[in-house]
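One structure is given below, encoded as structure tokens.
The values are calculated or read from the model by the stated rules, or taken from the named source; none is laboratory data. The model shown is predicted, which means the values in this text are computed figures rather than measured ones. Reconstructed Cβ throughout: ideal geometry from the backbone, glycine too, with neighbour counts over all protein chains shown.
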Amino acid sequence: MQVPLVVYYLSLCVATLGVELTPKDWWEKAGFYQIYPRSFKDSDGDGIGDLNGITSKLPYLKELGVRAFWMSPINKSPMVDFGYDISDFRAIQPEYGTMQDFENLVKEAHRLNLKVIMDFVPNHSSDKHEWFIKSEARESGYEDFYVWDDGIPNPAGGRNLPPTNWLQAFRRSAWQWSENRQQYYLHQFTVEQPDLNYRNPVVVREMKDVIRFWLDKGVDGFRVDAVPFLFEVVKLQNGSYPNEPTSGLTIDPEDFDYLDHIYTQNQPETLDMVYQWRELVDQYQQENGGETRVLMTEGYTSLEILREYYVSTTTKKHGSHMPFNFGFIADLNRTSGAFDIVKVIQSWMNIVPQGHAANWVMGNHDRPRVGTRFGEERIDAMNMILLSLPGATVTYQGEEIGMTDVRISWEETVDPAACNAGEALYATKSRDPCRTPFQWDDSAMAGFTSGNRTWLPVGSNYRSINVKVEEAVTKSHLNVYKAMMKLREYKTFRHGSVKTRAYNDNVLAIVRELEDHNTYITLVNLGTKIEVLDGVGLASRLPSKMRFEVVGTSSHHIKGGVMATNDIVLLPYESFVLVAKLSHSDRLHEDICEVWLE
Ligand code: NOJ
Ligand code: MG
């Protein structure tokens, strides 16, 4: 395809504006790993992952080279939304283990120098939480813990209608009638996940206490759930809430996307709440010592708002250390080309405020897996792109071995997002396919459990896609991932500049350079054609030949092999990292930074 010249030159930009390239703090260049506890490792044979299972696999994380892991909720929960409906913010879900198991997990992680990040779910609780039960019963002190409303008179008579047209994320009205209280309550997720009322200072205080509780348990930070949803608009003068306008995105009036969520998301108060939580964790560190406790926030929202999550442009208050950058998840898919990827990288770099670190999220438990989203042939390419970029990276469990979405029948479906959509639509909404048990080995149940059933089925490809098999062969997704993680310890990756360049819609180059250090060039071919390119202009002072440093699984090259800089050939879907070594030094290990175990 002929690419307009202007696009071509745009793609040459050095993408370092604002971004902090020299890490000051542990998390700024850390590899983060997301654990979905229900599906990581089962220790007691009930087919459900648990804390002792996680603890037993911490050495695996260590070997991967990650510095920290965040866990989806492990709190007590009726499991309607698999842990995101919490009935006791201070207790552990019994099927996951005990508080002692948790303390042991933290102790063991810290012994291995791994940081532990908890999921903090502030927007809602379970309807089985004692706060909700009391609030529904109008018990004094709890009346306003949730968002209650009479609704609007029904012209046809009978029970009032819901207060507004607002929709919940998993289809249909966000308002549920309570027979007990004779009012509606707001739930932006399932009916069983009532929204807490952040306009009630007692709620704000209680949730801060929850943060302190887990900090006292030794956790190193929080992944904060569903931040844009925290506040709803204040009521109008007439005492009612306004309806939301339609978005034009879908004609299905029950679908969440039917409305433009201007009154239920991203209210100005939300940012202030994030700044308050930041103040809390900073203060905790000052009072208790130790390293920075990190806030990573989940918000699928505009880049302008995410910039404010980092730091307020007006008050300069600090907020989230890592407002999750979902560009790879939300803005790219298998139809995206190299120019699209460059654009996503560039636009994130442009909004990171001066002196702050970038972060890159490649997958999570809510979205299709990398191999399914981009195509199995591009698994190495996407992991290599992720791990070539400056800043913190976030990998969802299983992406390092190239797990793919598992087909789940309607009968097997458990995700409320899918169940609410009904049999005809469930597959378009289901998050079950990316949540199946982790594939450890080629034994029955992929080594996930010793039992004979699992809460979601094990992927049928587990005999070839698993840790054991991939550890044993040189060319595997896992070994590519590990090799990339090792590269990130080199000074060029820690401190060097980054340049992204799309040669054409299939070929992407990421160049990492640092004066007096080796230069590394990640090249990926996203397409089905053989690509030949001249790499001479990619960086300053490139030698006529470069060496292969990391090779993707579809490459026929080997590490240490040589490639002419002016005649780089990429086979279909091939990806590799080339190194241009400093002429006076052939000793790569000199480039390695202080190892994290400082
Ligand atoms: C975002 C979580 O990632 C998702 O799994 C959950 O359903 C919603 N927030 C509600 O907590
Ligand atoms: Mg178990």
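Overview of results
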read-out	value
Count of the stretch 459-495 residues which are surrounded by 20 or more Cβ atoms within 10 Å (Cβ to Cβ) and either of a type in the set (Phe, Trp, Tyr) or closer than 18 Å to residue 42 by Cα (or both)	7
Matching entry among 80, 106, 147, 116 (being farther than 26 Å from residue 52 by Cα and out of contact with any His (no Cβ under 7 Å at 6 or more places or on another chain))	147
Number of the condition not met by residue 456 [criteria: (1) over 20 Å from residue 37 (Cα atoms); (2) within 16 Å of ligand 1 (Cβ to nearest atom); (3) in a loop (DSSP other than H, G, I, E, B)]	(1)
Of residues in the stretch 532-560 being among the β-branched types (Val, Ile, Thr) and surrounded by 13 or more Cβ atoms within 10 Å (Cβ to Cβ), the one farthest from the chain's Cα centre (by Cα)	536
Evaluation of residue 34 against (1) at pLDDT 95 or above; (2) part of a loop (DSSP other than H, G, I, E, B) (one fails), failing number	(2)
Neighbours by Cβ (under 6 Å, 6+ apart or cross-chain): first from the stretch 106-132, at pLDDT 95 or above; second within 16 Å of ligand 1 (Cβ to nearest atom) and β-branched (Val, Ile, Thr)	120/224; 121/86; 125/86; 126/86
Positions within the stretch 91-120 being within 15 Å of residue 219 (Cα to Cα), in contact with a strand residue (DSSP E or B) (Cβ under 8 Å, 6 or more places away or on another chain) and not in a helix (DSSP H, G or I), in sequence order	91, 92, 114, 115, 116, 117, 118, 119, 120
Residue within the stretch 161-173 that is part of a loop (DSSP other than H, G, I, E, B), among the aromatic types (Phe, Trp, Tyr) and within 15 Å of ligand 1 (Cβ to nearest atom) present	yes
Close pairs (7 angstrom Cβ cut-off, 6 or more residues apart or separate chains): more than 28 Å from residue 468 (Cβ to Cβ) and assigned to a loop (DSSP other than H, G, I, E, B) in the stretch 400-426, more than 16 Å from ligand 1 (Cβ to nearest atom) and of a type in the set (D, E, K, R) anywhere	410/423
Residue check for residue 66: away from ligand 2 (no atom under 13 Å from the Cβ), assigned to a loop (DSSP other than H, G, I, E, B) and more than 18 Å from residue 467 (Cβ to Cβ)	no
Qualifying residue in the stretch 503-525 (condition: in contact with a Gly (Cβ under 8 Å, 6 or more places away or on another chain), free of Cβ contacts under 8 Å to residues at least 24 places away in the same chain and not in a helix (DSSP H, G or I))	yes
Some residue of the stretch 234-243 being within 23 Å of residue 84 (Cα to Cα) and aromatic (Phe, Trp, Tyr)	no
Strands (runs of 3 or more DSSP E) enclosed by the stretch 538-579 - at least 3 residues per element that are under 30 Å from residue 464 (Cα atoms) and hydrophobic (A, V, I, L, M, F, W, C)	545-551
Selection from the stretch 428-442 of residues that are more than 15 Å from residue 366 (Cβ to Cβ) and of a type outside the set (Asp, Glu)	437, 438, 439, 440
